[in-house]
Amino acid sequence: MAVLNVNPTRMELTNLKRKLVTARRGHKLLKDKRDELMRRFLDLVRENKALRIEVEEGIKQANVAMSVARCVMSDKALDVALMLPTQEMSLDVSEKNVMSVMIPVFDVKFKTANENDIYSYGFAETSGDLDTAVKALSDIMPKMIKLAEIEKSCRLMADEIEKTRRRVNALEHVMIPQYEDTIKYITMKLDENERSTTTRLMKVKDMMLAQAHNY
Amino acid sequence: MYKIAAMGDKDSIYGFASLGVSIFPVTDPAEGSHILRRLAENGYGVIYITEQLAEGMQDEIERYASRPLPSIVPVPGVRGNTGLGLDSVSKFVEKAVGSDILS
């Protein structure tokens, strides 16, 4: 029995009872939060895994084409071809609140009107494999942005779940039993005091009667 | 308005340049950490790092783990896949659930 170090008084008892109610309500709320976070997290992490596998496969293919292009073209020609990109990507980031976890939401913006405007070179002096590589990367790019968003969300949610779980456990296994035990201890102590007062009074009454009437 | 960056060996990330992603060719993890810190402070929202490079600079990457931005994503480079990315997904699950229930 883990009893808090308090004076066994009626005021302390009232305070503790109030604290116990708060702790129970907090525990219930946190437990709900944990369960909901967990549900969303599992959905998200499954998506994350599938997306990652897809992205890694896409990049691998782009890299294969890139390697071929690198073999066919001279380093210099490749540098020249890719040195000045026509396209520029930027991100609009907004935040979404999922069970009080702030997760980022990315929105891609392209500089040029046509987002397929990805070839920064003339076709005359470059190999077709370079086109394939650039096209493959461009195809996988929206998924990569999505992956960045989801992976960050998963990471933040995992942190939050861990924190919430610790709080739930601390309330459930430490705080609430402690309060319950202390309340029981104070109640028993108060009852005991009351009984001892009654017996003392009875004893005093007996003694007074004996004195008055010489029983 | 945030920008997108790619870090890693030149061969792996060169293709991204044509898509309008800023590229930072670097192979040394110490130098990479330095660049990453600069990028994180200068308005880059997403940073892709090749797995080979990311492996050497986990400490630096961890620093940004609990912040909403930037999002740092390990991607496979030309020299193939080290599995670091999928491992990190397993790590999230392990952290949140207690054991890797997806694998």
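The values are calculated or read from the model by the stated rules, or taken from the named source; none is laboratory data. This structure is a prediction, so every number in the text was calculated from the model and none was measured. Cβ placement follows ideal geometry from the backbone for every residue including glycine, while neighbour counts extend to all protein chains displayed. Surface areas here come from the heavy atoms of the whole protein model, side chains and all, with no ligands, DNA or RNA. Shrake-Rupley method; radii C 1.70, N 1.55, O 1.52, S 1.80 Å.
State all residues of region A:62-78 that are open to solvent by 20 Å² or more (accessible area, probe 1.4 Å) and within 11 Å of chain B (Cβ to nearest Cβ); if no residue qualifies, say none.
A:V64, A:S67, A:R70, A:D75
Of the numbered conditions (1) surrounded by fewer than 20 Cβ atoms within 10 Å (Cβ to Cβ); (2) farther than 27 Å from B:P70 by Cα, A:N97 satisfies every one except a single condition; which is it?
The number of the failed condition is (2).
Scan the strands (runs of 3 or more DSSP E) fully inside chain B and keep the ones with 2 or more residues being farther than 23 Å from A:E54 by Cα.
It comes to B:2-8, B:22-25.
Going through region B:67-103 one residue at a time, which ones are within 7 Å of chain A (Cβ to nearest Cβ), open to solvent by 40 Å² or more (accessible area, probe 1.4 Å) and at pLDDT 80 or above?
If the condition is that a residue be within 7 Å of chain A (Cβ to nearest Cβ), open to solvent by 40 Å² or more (accessible area, probe 1.4 Å) and at pLDDT 80 or above, then B:L86, B:K95 are the ones that fit.
Would you confirm whether or not region A:123-136 contains a residue that is within 9 Å of chain B (Cβ to nearest Cβ), open to solvent by 80 Å² or more (accessible area, probe 1.4 Å) and over 17 Å from B:A65 (Cα atoms)?
No; the residues of region A:123-136 include none that is within 9 Å of chain B (Cβ to nearest Cβ), open to solvent by 80 Å² or more (accessible area, probe 1.4 Å) and over 17 Å from B:A65 (Cα atoms).
Let me spell it out: the conditions are (1) at the interface with another protein chain (Cβ under 9 Å from one of its Cβ atoms); (2) in contact (Cβ under 8 Å) with a residue 24 or more places away in the chain; (3) in contact with a Lys or Arg (Cβ under 6 Å, 6 or more places away or on another chain), and A:L82 meets all of them except one. Which number is the exception?
Here A:L82 meets the rest and fails (3).
Return the residue satisfying two criteria in turn: it lies in region B:23-46 and is within 14 Å of chain A (Cβ to nearest Cβ) and over 14 Å from the mean Cα position of the chain (by Cα), and of such residues it is farthest from A:S90 (Cα to Cα).
For region B:23-46, the residue satisfying everything is B:N42.
Could you tell me whether region A:200-208 includes any residue that is among the basic types (K, R), open to solvent by less than 80 Å² (accessible area, probe 1.4 Å), out of contact with any Lys or Arg (no Cβ under 9 Å at 6 or more places or on another chain) and assigned to a helix (DSSP H, G or I)?
Scanning region A:200-208 turns up no residue that is among the basic types (K, R), open to solvent by less than 80 Å² (accessible area, probe 1.4 Å), out of contact with any Lys or Arg (no Cβ under 9 Å at 6 or more places or on another chain) and assigned to a helix (DSSP H, G or I).
Contact list please: Cβ distance under 8 Å, first residue in region A:140-161 and among the polar types (S, T, N, Q), second residue open to solvent by 20 Å² or more (accessible area, probe 1.4 Å), pairs at least six apart or on different chains.
A:S153/A:L44
Kindly list, by first and then second residue, each pair from a residue in region B:11-34 that is in contact (Cβ under 8 Å) with a residue 24 or more places away in the chain to a residue that is charged (D, E, K, R) and surrounded by fewer than 24 Cβ atoms within 10 Å (Cβ to Cβ), limited to pairs with Cβ atoms under 6 Å and residues at least 6 apart or on different chains.
Taking only residues 6 or more apart or on different chains, the pairs are B:T27/B:D9; B:S33/B:E60.
Scan region A:94-112 residue by residue and report those that are more than 8 Å from chain B (Cβ to nearest Cβ) and either in contact with a His (Cβ under 7 Å, 6 or more places away or on another chain) or assigned to a loop (DSSP other than H, G, I, E, B) (or both).
Result: A:M99, A:S100, A:T112.
Filtering region A:79-93 down to residues that are assigned to a helix (DSSP H, G or I) and open to solvent by 50 Å² or more (accessible area, probe 1.4 Å), which residue is farthest from B:V73 (Cα to Cα)?
Among those residues, the one meeting the criterion is A:V80.
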